[in-house]
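Take a look at the structure set out below.
Every number in this text was worked out from the coordinates using simple rules, so none of it is lab data. Everything numeric in this text was worked out from a predicted model, so none of it was measured. Positions of Cβ are backbone-derived with ideal geometry, glycine not excepted, and every protein chain shown enters the neighbour counts.
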Ligand SMILES: Nc1ncnc2c1ncn2[C@@H]1O[C@H](COP(=O)(O)OP(=O)(O)OP(=O)(O)O)[C@@H](O)[C@H]1O
Ligand SMILES: [Mg+2]
């Protein structure tokens, strides 16, 4: 049976796993012998380097290195420009990372790999999910499914202890994103109850806080700002990450910095580092409390920390002792740290991948792990743009609320604003804000028109608008004028940002690139 792999495409590190012949999931090492691969791409003239060597090259060739590209998946216009003025879209950069993973997996497993399950943060919007899927296709992979990272983590943790109903919280603090999810695990069902997060909170921010601290010290001693030079900045950045990692194990570390022929030695204590990152971590803790309240609302009863059965810490940044301490202080519970936080997501994805092709999976006792039913929720609210009849202001009228169980279907009645109005415009929005300016338009930017409404006084026609969000993240909208039955059907099907032609040409380009 052909092998399918699970891939955790992380902001800073990616990992892959497979269910082996014995039915046990295991991490696949990359060709450098590591269990995770830095999600870093170096563009050279003839070749592309992905992983650890690309990360190290960020100091010598900073203009040719694309870092933390996952953060840009939400920006339709963003492109990385290398020093040859060649531009690379986030899908293309991610595709190169996936191509390297695919190659390494093939080498390790000794066979071609054509299918994968890829994970994304739970609150990734449709566009980001679809771009991730496109990245997989550009790398030559059939993407069986895109699943949420916390769901994958819970599956990996749950392998040995499925059975009784549990309320599980997943606190995932990785390199670039923070994700908080509450889910119910009942027998063979995993259902996300609520999820939230901060796309711009993770290990890279702690590194950046340290770089700022280092350069302030440097300025104080030598009077020049060392980080104005990109190479020095990258150098300070890697020293910062090393110091941060050291301080997870030791209470003090020593950092030697040099720039423009001048040097600075710093003795850095864990307490000082903790003071630098505490405000950002507090933001994540505030979100945890908010998420518990949101979960309570969803479940129809106020939940306390005693109702939470398991707290899973996922993501490399949860190795920071202060993170564990702050989570413990808030919840009064000791989090589960039994599984390697860098690997759990890929392991969970590999289980879903194996089940997707009907392969048997077993737990540590060699008991069969049943195929799990994954119940996800909508990552954002979906609605349409309406005009307030009193103020004339545009408003986001939410039809399907954020965290609604998928598949979701909801209806709302609308009407006309003017006498004898014979058509209405429907612009589909994704987002929470009342103001459409702060939401994302999905589907056709110019909207869709329901026409041939018979002339009637304003406010009389009833236009019933029904929105469906299905398991494939496809959005269907029907708007029906009830007196005539005149109907408009809209399907927003995987709103990819690339045309078929563009995708073909990028796929060809990537297939022709040598990735090392
Ligand atoms: N021992 C450690 N102490 C502190 N931070 C660590 C440690 N080990 C790894 N990290 C940090 O964890 C981060 C990487 O974690 P992980 O691989 O889970 O993130 P990711 O999957 O790339 O990101 P995301 O899930 O946000 O997309 C990096 O910022 C790294 O510096
Ligand atoms: Mg991650």
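Could you compute how fast region 283-375 diffuses translationally, taking Rh as the Kirkwood radius over C-alpha pairs and applying Stokes-Einstein at 37 °C with viscosity 0.692 mPa s? Give it in µm² per second.
210 µm²/s
Is it possible to state the helix-based mean residue ellipticity at 222 nm for the chain, with each DSSP H run of 4+ residues giving -39500 (n - 2.57), the sum divided by total residues, to the nearest 500 deg cm²/dmol? What is it?
My calculation for the chain gives -10000 deg cm²/dmol from helical runs alone.
For the chain, what number results from the quotient of the Cα radius of gyration and 2.2 N^0.38 Å?
Dividing the Cα Rg of the chain by 2.2 N^0.38 Å gives 1.05.
According to the Kirkwood expression over distinct Cα-Cα pairs, how big is the hydrodynamic radius of region 1-153, in Å?
Result for region 1-153, one decimal place: 15.6 Å.
Convex hull over the alpha-carbon atoms of region 182-237: what's its volume per residue in Å³?
112 Å³
Could you state the orientation-averaged shadow area of the convex hull built on the Cα atoms of region 95-166, in nm² to one decimal?
6.1 nm²
Find the centroid of the Cα atoms in region 310-338 and in region 80-116, then give the distance between the two in whole Å.
When both Cα centres are located, 33 Å separates them.
Just to check, using Stokes-Einstein with a Kirkwood Rh over alpha carbon pairs, what's the diffusion coefficient of region 282-321 at 20 °C and 1.002 mPa s in µm²/s?
185 µm²/s
Roughly speaking, what is the stretch gain from residue 513 to residue 373, that is 0.36 nm per residue apart minus the C-alpha to C-alpha distance, in nm to one decimal?
Length difference between fully extended and current span is 46.6 nm.
Taking the alpha-carbon set of region 203-275, what are its Rg and Dmax in Å?
11.4, 33
Bins of 10 Å, beginning at zero and ending with the bin holding the largest distance: percent of Cα pairs per bin for region 7-95, please.
For region 7-95, the pair-distance distribution reads 17, 44, 27, 10, 2.
First check a/c for region 77-236, with a ≥ b ≥ c the square roots of the eigenvalues of its C-alpha gyration tensor; if it is under 1.5, answer rounded, and if not, answer prolate when a/b is larger than b/c or oblate otherwise.
The shape class here is oblate.
Using the C-alpha gyration tensor of region 382-492, what are the square roots of 5 times its eigenvalues, in whole angstrom, with the largest one first?
Computed over region 382-492, the values are 23, 17, 12 Å.
Calculate the spin-label point distance for residue 301 paired with residue 220, positioning each point 7 Å from the Cα along the beta-carbon direction, and give it in nanometres.
Label at residue 220, label at residue 301, 5.4 nm between them.
Taking the alpha-carbon centroid of each part, what is the distance from region 483-516 to region 417-474 in angstrom?
Each part reduced to its Cα centre gives a spacing of 23 Å.
Stretch residue 364-residue 114 to full length: gain in nm at 0.36 nm per residue minus the Cα-Cα span?
87.2 nm
Beta carbons within 10 angstrom, averaged per residue: use that to sort the peptides 377-390, 261-274, highest first.
Result, highest mean first: 377-390, 261-274.
Which of 94, 371 comes first, and how do the rest follow, when ranked by fewest Cβ neighbours within 10 Å?
So the residues, fewest neighbours to most, are 371, 94.
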